[in-house]
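Shown next, in structure tokens, is the structure this report addresses.
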Amino acid sequence: MTHKFKKIMEDIDFFLKKNTISSITNFFFKLIHFFKFIFLFIIYLNQAYSIELVNLRFGSNGEIKRIVLDLNQDTSFDSKVFDKRIEIFFKNEIEVNKKFTTKNDLSEIAYNKKLKKLSLNFNKNIFSTNIYLLKKKKEFHSRIVIDYSTKKKKRKTIIIDPGHGGRDSGAIGIFKNLEKNITLKVGLLLKKRFEQKTNYKVILTRDKDFFLKLRSRTRIAKKNNADIFISLHADFNRNSRARGISLYTLSERASDKEAAALARRENKSDLIDGVDLSEETSEVTSILLDLTKRDTLNQSSLLVKFLIKSFKNDFNLLQRTHRSAGFAVLKSLDIPSVLLEMGYLSNKNDSKLLISEDYQRKLSDKIVKAVINYFNWKEKNDI
């Protein structure tokens with residue numbers, strides 16, 4: 001009996017041990033497969049989301065030369081331009097898995113993984129640089145386009161006029177944000193962005209919070225022989241649903257009632273300092289709008305077209321985006337001049353965007369792109 005019981009117990013122990021070992025083996029087998037799946041999934045994610053420089057291409061159009069960096073993903077970047085070097089700082093780390101052949105004026109390509117910096121070294125001084133991103137499409141890679149010239153050109157002088165200032169706050173938004181502060185921030189950002197391009201001299205009518213007469217703003221443009229004049233503003237409308245960017249050029253007659261009302265509001269800026277331009281406006285406008293000035297008006301309209309083209313896919317635009325009226329600040333008619341309303345401070349969505357640093361940066365980049373394309377088009381067409 002004792003022997004039989006012992007035998008049964010041994011059989012039970014053996015059974016338990018066998019099944020326990022089997023269960024443990026099965027558990028570890030499943031665990032190994034689980035970690036294998038996780039490992040493969042991580043590799044997949046890394047391949048799917050890592051940014052890689054896949055190709056480097058070269059091209060030219062007359063004096064303008066081009067380098068294109070093909071990337072497998074869109075990415076944010078900043079750039080710095082030196083006499084013989086361009087540095088591109090990526091927001092994310094990129095993979096450079098092959099050595100690219102240099103060509104034309106490019107002598108060396110170097111990538112610093114720690115700094116996420118790609119350096120393009122040239123064997124000549126470079127000028128007129130324009131660096132921008134073309135987003136990835138189905139049949140195309142994401143592309144960073146670098147346009148440059150090795151021939152020095154006369155620097156273009158751009159006057160950026162941050163509207164209002166000092167005791168003239170301009171419009172007050174629904175979040176109590178002041179137009180004068182927004183225009184100054186965008187103006188300072190534009191100056192920084194343009195001067196990274198090396199071929200542009202940017203002068204701000206004001207770089208701090210102080211009052212400046214409208215006449216003084218136009219005098220600054222004339223004194224510095226400006227090539228273009230851009231006045232920055234943020235609009236306000238009783239209709240809180242009105243939103244979007246609008247652009248204005250000078251004309252003797254307003255294109256619509258809204259444009260006329262806006263011109264009256266903007267021209268009242270000098271009334272704060274005791275100067276009334278109302279009587280002078282129609283006479284001065286009529287004189288300036290003689291036939292010898294028509295070409296400048298056409299150039300102003302051309303600049304607006306390039307700005308609208310640059311804006312249209314990324315920003316809300318007011319219906320009939322290009323309007324005209326008798327703006328006192330645009331009366332330097334020997335200079336192509338545009339008044340840019342960057343949005344409506346009376347609209348909740350626009351107001352949020354206007355105080356957003358991301359929106360201000362994006363808007364500045366689009367303005368820079370439009371202005372460069374405007375000058376390039378003029379040069380190409382010998383205008």
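Values quoted throughout were computed directly from the atomic coordinates according to the rules given, and no laboratory measurement underlies them. Bear in mind the structure is a predicted one, so any value in this text is a computation, not a measurement. A quick note on method: Cβ atoms are made from the backbone with ideal geometry, for glycine too, and the neighbour counts reach across all protein chains shown.
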From phi via Karplus (6.51, -1.76, 1.60), per-residue ³J(HN,Hα) for segment 201-210 in Hz, x at Gly/Pro:
9, 10, 10, 8, 5, 8, 10, 9, 8, 9
Estimated FRET transfer efficiency (I172, D314; beta-carbon r; R0 22 Å; 0.05)
0.25
How would Y344, Y148, Y132 line up from fewest to most surrounding beta-carbon atoms within 10 angstrom?
Y132, Y148, Y344
Full extension from K138 to N224: what is 0.36 nm times the residue separation minus their Cα-Cα distance, to one decimal in nm?
26.3 nm
Would you mind calculating the gained length between D334 and K80 on full extension (0.36 nm times residue separation, minus the Cα-Cα distance), in nm to one decimal?
88.1 nm
For each pair in K156/K312; K156/K369; K91/K305, compute the distance between the two Cα atoms and list the pairs where it is over 20 Å.
K156/K312; K91/K305
Beta carbons within 10 angstrom, averaged per residue: use that to sort the peptides 106-113, 133-140, highest first.
106-113, 133-140
Under a point spin-label approximation (7 Å from Cα along Cα-to-Cβ), what is the R238-N349 distance to one decimal in nm?
2.4
Taking a virtual spin label 7 Å from the Cα of K103 along the C-beta vector, which residues in segment 53-91 bring their backbone nitrogen under 14 Å of it?
55-61, 65-70
Taking other Cβ within 10 Å of each residue's Cβ, how do D227, D209 sort, fewest first?
D209, D227
Based on the Cβ-Cβ distance of V54 and F211, what FRET efficiency does E = 1/(1 + (r/R0)^6) give at R0 = 51 Å, to the nearest 0.05?
0.45
Test of understanding: what is the full-extension gain from L115 to K380, defined as 0.36 nm times their sequence separation minus their Cα-Cα distance?
91.6 nm
Per-residue Cβ neighbour rank within 10 angstrom, fewest leading, R238, R206, R361
R238, R361, R206
